[in-house]
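What follows draws every value from the coordinates through simple rules; no lab data is involved. Just so it is clear, the structure is predicted and the values come from calculations on it, not from any experiment. When we count neighbours, we look across all protein chains shown, and the Cβ atoms used for this are built from the backbone with ideal geometry, even at glycine.
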Amino acid sequence: MFGVALADDFQAVLDTLPPDWTDLWLDMRIFDEERYIEAATLLVQINAQPYSKHDWHWRLLVAHDFGHAAAPETVRGTLSLLDDQGIEGELVAREARSGRVEITQMWGRPESVRREFARRRHQ
């Protein structure tokens, strides 16, 4: 059951996504269920949603640039902490969304703000 480190596995999933991805849903399970509490105390940082009576232990919600989910950098860092603790498991990408855009009210904002916003969104 020894596989790729969770952080590396997560990066491999990210590398397959198109540049305009917005949301990613992953399922995660650990191999040694006796370490569930230890893993859960680390996964709380990314608001992992626990399953009950399910084959998988948690659902991870990841947002690319905006949204109500964990940032990819934070997810990668948290999974690295699990790797550092020797907690092994696996990830499965369940759904990825792309092509949506953030709606932001720009009325009344100076042109410098509009340009900066556009620059950050179109890197």
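Descriptive notes on the structure:
- Under the convention that each Lys and Arg Cβ holds +1 and each Asp and Glu Cβ holds -1, the size of the dipole of segment 6-121 around its Cα centre is about 900 debye.
- Signed unit charges on C-beta, dipole axis of segment 6-121, positive-most listed residue G108, L82, Q45: G108
- Candidates R97, R109, R29, ranked by Gaussian network fluctuation over the chain, Cα under 10 Å, top entry: R109
- Counting other Cβ atoms within 10 Å as a rough exposure proxy, the listed residues W107, W58, W21 run W107, W21, W58 from fewest neighbours to most.
- Taking V75, V62, V44 in turn, the Gaussian network model of the chain (Cα-Cα springs below 10 Å) assigns the largest fluctuation to V44.
- Principal semi-axes in Å for segment 6-121 [√(5λ), Cα gyration tensor, largest first]: 32, 14, 13
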